[in-house]
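Q: Okay, here's the structure, questions in a sec.
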Amino acid sequence: MPRILIIEDDNEVREYLESVLSRAGYEVQSASNGKEGVQLFQADPADLVVTDIIMPEKDGIEAIMDLRRANSELKVIAISGGGRAEPENYLHSARLLGANRTMKKPFTNQEMLEAIADLLGGGGRGRGVRQ
């Protein structure tokens, strides 16, 4: 079963993603900021990381760079609703620094599940997806 790490400081968004991905058959771990997420990944690597960009402690851009140094093959989806700038600005930076996909909040369950399935090479959702 593919393992996904969610790094998101907004409790509601994090819990929502945990629920959607767990129901789709993925093993899910989560962290509330980039620093915690990188530490969790180093202790127990995931197959794919979904990370927010604007977060305390360590933002998503820094987390992506650290995760890429730890595993250059890791699949990463960066998500953002923006901040002081438009989300596209942050997401463009994330793409340049190693995110495989970027998604502007809000996104649908289907959009997230399709992006994950595509990156993990399964073409399907959750159960039965193999690397």
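Read-outs throughout are calculated quantities, based only on the coordinates presented, and are distinct from any laboratory measurement. Nothing here was measured: the structure is a model prediction, and the numbers come from that model. Cβ sites come from the backbone with ideal geometry, for glycine too, and all protein chains shown count toward neighbours.
Q: For the chain, list log₁₀ I(q)/I(0) at each q in 0.09 Å⁻¹, using the Debye formula over Cα point scatterers of equal strength and ignoring solvent, two decimals each.
A: -0.21
Q: Separate question: Please compute the net charge surrounding residue 95, taking Lys and Arg as +1 and Asp and Glu as -1 over other residues with Cβ under 14 Å from its Cβ.
A: Values: positive: 68, 75, 101, 104; negative: 88.
Charge balance near residue 95 sits at +3.
Q: Could I ask something else about it? When the helix-only estimate is applied to the chain (DSSP H runs of n ≥ 4, each -39,500 (n - 2.57), divided by the residue count), what is the mean residue ellipticity at 222 nm, nearest 500 deg cm²/dmol?
A: Rounded to the nearest 500, the figure is -13000 deg cm²/dmol.
Q: To continue, here is another question. Roughly what would the spin-label model give for residue 22 and residue 89, points 7 Å off Cα along C-beta, in nm?
A: Going from the residue 22 label point to the residue 89 one covers 3.6 nm.
Q: Can you list the lysines whose alpha carbon sits under 20 Å from that of residue 35, skipping same-chain ones fewer than 8 residues off?
A: Partners found: 58, 75.
Q: Sticking with this one: Listed highest first by mean packing, meaning other Cβ atoms within 10 Å per residue, what order do 4-15, 99-110, 53-64 come in?
A: Highest mean packing first, the order is 53-64, 4-15, 99-110.
Q: Now a separate question. Full-extension gain between residue 105 and residue 72, please, as 0.36 nm times their residue separation minus the C-alpha to C-alpha distance. Walk me through the numbers before you get to the answer.
A: Numbers: separation 33, 0.36 × 33 = 11.88 nm, distance 2.58 nm.
Residue separation times 0.36 nm, minus the Cα-Cα distance, leaves 9.3 nm.
Q: While we're on this one: Would you mind computing, in nm to one decimal, how far apart the modelled labels at residue 62 and residue 43 are, each placed 7 Å from Cα along Cα→Cβ?
A: My value for the distance between the label points is 1.9 nm.
Q: Given the convex hull over the Cα atoms of segment 1-68, what projected area results after averaging over all orientations, in nm²? Numbers along the way, then the final one.
A: On the way: hull surface 15.6 nm².
The number I arrive at for segment 1-68 is 3.9 nm².
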